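Worksheet: one structure, shown below.
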Amino acid sequence: MPLVAQRSWVYPADNSGRFRTARQYFGWFLVLFFVSVPWIRIAGLPAALIDIPGRRLVLVGTIFTPHDTWALALLLLTAALGLFLFTSVMGRVWCGWACPQTVWLEFVYRPVERLFEGPAHRKRRRDRGDHDATWWAIKIGKWSSFVVLTALTTGVFMSWFVGGPQLLRGEIGASGLFVGGMLFILFLLDAVWFREQLCHFACPYARFQGVLMDANSLIVAYDAHRGEPRAKGKSRDEESGDCIECNRCVDVCPSGIDIREGDQLQCIACAGCVDACNDVMVRIGKPQNLIRYTTKRDAPAQQGESRPVFTRRTGVYVAFFCIVAAGLVIGLATRNEVAVQIARITDGQQYR
C-alpha cells in the first residue's frame, strides 16, 4: 500500500447565485482594500506600515515603537478573541469569504485561468488527454499570466512592509529583494500547485476551528431527511427524496468535497453548493435550501429546538473580548509620548 495517496485535482465549475454575487463584491472590496491602504496617508504618515527594520508600526497616522509592546500584545489578543467569537457564531465563513488565500484564488487567479482554459469540464478533459501542442500553448499562456499576477501580488504584500511609494521608487534594499523573491516563489507555487491543499493540510485555522465551534455554530449542510433517498431520471418515484443526483454541488465545490456526506474539515463554507443546488431546485419545481446555511441544532431531527442567540460560550468570548478591547482603547487614549534625551559625551567622561 503506498504511503502517499495520489492527488485528486479539483476542477471547480463556475456558478452563479446570490451568495456567489455577494462573495464576488466582497472579494473585490477586499482586493481593493489590500492594494490601496499602503498608498493612503493620514497626517503625513501611511495608513498602515509594518516597518520591521525601523522597529515601528504605523496605523491610521499613529506610530507605535517597541515601547508600545503592551499595545501590540493587547491588539493581537483582541484579534484572537474576535476570531474565537466569530468562529463560535459564524463557523468557517472567514475561510470562504474573507481569507486572502480564497479571495486571491477565486477572484484573481481563477478568472484568468478560465479565460485561457475555458469551462471546468473542458479543462479536465484536456488535462486527462494527450499533452499536445494546444495543451502546452494554453498552459504556457496561463502560467505566464500567473507570473505577472504573482509579481503584482507580491508587490501588494511587500507594500505593507516598505510603503507603496517607496516600493514604486525601488527603495527596498537587498534584504527586501530576497524576501520578495522568496514570497514570489511561494505565491506562484500556491497559485499553480497547492491551492486547496494549503487549506486542507497547512492552515492551522482549519485544525482548531472544530474546538471553537459547537452545535449552534453556522455551517453549510445538506438536508438528508428531505433529500434521501436519492434518485434520478426514470428511477424516481413517490418515495424518492428531492436530491436528483445531479452532482452539481460537487462540481462547483472549490475543495472538491461532497457536502452530502456530512460536515467535513475541508468545507470552507463558501456556499457555492447552496447556489448550485438552489438553481437545480428551481428548475425541477422543488423548494430551495436543500443545502443551506444552518446549524447542527437546527437539523430536521431536532426541529422544535430554537437556536440560542446568546450561548454560554459566546458570552465568555464576548466578555473577554470587551474587557481586552476596553483596555486597549483606554491605554491608547492615555498613551504618552516617549521622551528621549541624547547627550554628547565629552572627553574624560565614562559610562558609570
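Each value in this text was obtained by applying a stated rule to the coordinates, not by laboratory testing. Everything numeric in this text was worked out from a predicted model, so none of it was measured. Glycine also receives a Cβ, built like all others from the backbone with ideal geometry; neighbour counts cover every protein chain displayed.
Could you point to the label whose value was computed as semi-axes √(5λ) of the Cα gyration tensor in Å for the structure here, given [x] 29, 23, 19; [y] 46, 30, 16; [z] 33, 22, 19?
[y]
Relative to the present Cα-Cα distance, how much length would full extension add between Val318 and Asp132 at 0.36 nm per residue of separation?
Between Val318 and Asp132, full extension yields an extra 61.1 nm.
Going Cα to Cα from Lys142, which lysines come in below 23 Å? Please leave out same-chain ones fewer than 8 positions away.
Within the straight-line cut-off, Lys142 pairs with Lys123.
I'd like the Karplus ³J(HN,Hα) series for the stretch 10-15: coefficients 6.51, -1.76, 1.60, θ = phi - 60°, whole numbers in Hz, and an x wherever there's a Gly or Pro.
9, 10, x, 6, 6, 8
So which aspartates and glutamates can Lys286 reach, going by Cα to Cα under 20 Å and dropping same-chain residues fewer than 8 places off?
Asp223, Glu228, Asp237, Glu238, Glu239, Asp242, Glu245, Asp275
Roughly how many nanometres apart are two label points built 7 Å out from the Cα toward the Cβ at Lys139 and Ala215?
Result for the modelled spin labels: 5.1 nm.
Using a 4.7 Å Cβ cut-off, which Cys residues in the chain lack a partner cysteine?
Cys95, Cys99, Cys199, Cys203, Cys243, Cys246, Cys253, Cys267, Cys270, Cys277, Cys322
Can you check how the C-alpha radius of gyration of the stretch 214-300 compares to 2.2 N^0.38 Å, as a plain ratio?
1.05
Considering Cα pairs under 8 angstrom that are at least six residues apart, work out the relative contact order of the chain and quote it in whole percent.
Answer for the chain is 23 percent.
What distance in nm separates the two pseudo spin-label positions at Leu189 and Val10, each 7 Å out from Cα along the beta-carbon direction?
Roughly 1.9 nm, to one decimal.
Which helices of the chain meet both criteria: a Cα extent of 30 Å or more along the helical axis and a mean Kyte-Doolittle score no lower than -0.5, with helices taken as whole DSSP H segments? Show your work: numbers first, answer last.
Numbers: long enough: 69-90 (31 Å, 2.05); 133-162 (43 Å, 1.06); 312-333 (31 Å, 1.66).
Both cut-offs are met by 69-90, 133-162, 312-333.
By a straight-distance test (C-alpha under 12 Å), which aspartates and glutamates pair with Lys139 as possible cross-link partners, with residues fewer than eight away in the same chain excluded?
Here the aspartates and glutamates satisfying the reach criterion relative to Lys139 are Glu113, Glu117, Asp127.
Using only alpha carbon pairs under 8 Å that are at least six residues apart, calculate the relative contact order of the stretch 83-185 and give it in whole percent.
Once normalised by length, the contact order is 18 percent.
Grab the Cα-Cα distance for Glu171 and Thr65, subtract it from 0.36 nm times how many residues apart they are, and report the gain in nm with one decimal.
Working: separation 106, 0.36 × 106 = 38.16 nm, distance 2.18 nm.
My answer for the length gained is 36.0 nm.
Report, in debye and to the nearest 20, how large the dipole of the chain comes out about its Cα centre when Lys and Arg carry +1 and Asp and Glu carry -1 on their Cβ.
220
Once you list every other residue whose beta carbon is under 12 Å from the beta carbon of Cys270, what net charge do they have if Lys and Arg are +1 and Asp and Glu are -1?
Details: positive: Arg20, Arg23, Arg92; negative: Glu106, Glu196, Asp275.
It works out to a net charge of 0.
Just the Cα atoms of the stretch 22-124: what Rg and Dmax do they give in Å?
Radius of gyration, then largest Cα-Cα span, for the stretch 22-124: 18.3, 58 Å.
Can you find, among Leu218, Leu189, Ser36, the residue sitting farthest towards the positive end of the charge dipole of the chain, where Lys and Arg contribute +1 and Asp and Glu -1 at Cβ?
Ser36
Using Cα springs under 10 Å in a Gaussian network model of the chain, which residue among Thr87, Thr294, Thr69 shows the largest mean-square fluctuation?
Answer for the Gaussian network model of the chain: Thr69.
In a shell of Cβ-Cβ distance under 14 Å around Thr69, excluding Thr69 itself, what net charge do Lys and Arg (+1) and Asp and Glu (-1) give?
+2
Where does the chain land at 222 nm, in deg cm²/dmol rounded to the nearest 500, when only DSSP H runs of n ≥ 4 count, each adding -39500 (n - 2.57), divided by all residues? Can you show the working numbers first?
Values: 14 runs with 172 residues, N = 352.
Computed mean residue ellipticity for the chain: -15500 deg cm²/dmol.
Please identify which residues in the stretch 142-176 have an amide N closer than 19 Å to a label point set 7 Å out from the Cα of Trp39, following the Cα→Cβ vector.
From the stretch 142-176, the list is 148-172.
Could you list the trypsin sites (Lys or Arg not before Pro) in the stretch 20-85 that lie in coil according to DSSP, counting only those with at most 16 other Cβ atoms within 10 Å of their Cβ?
Arg55
Cα atoms only, the stretch 103-222: Rg and Dmax in Å?
18.6, 53
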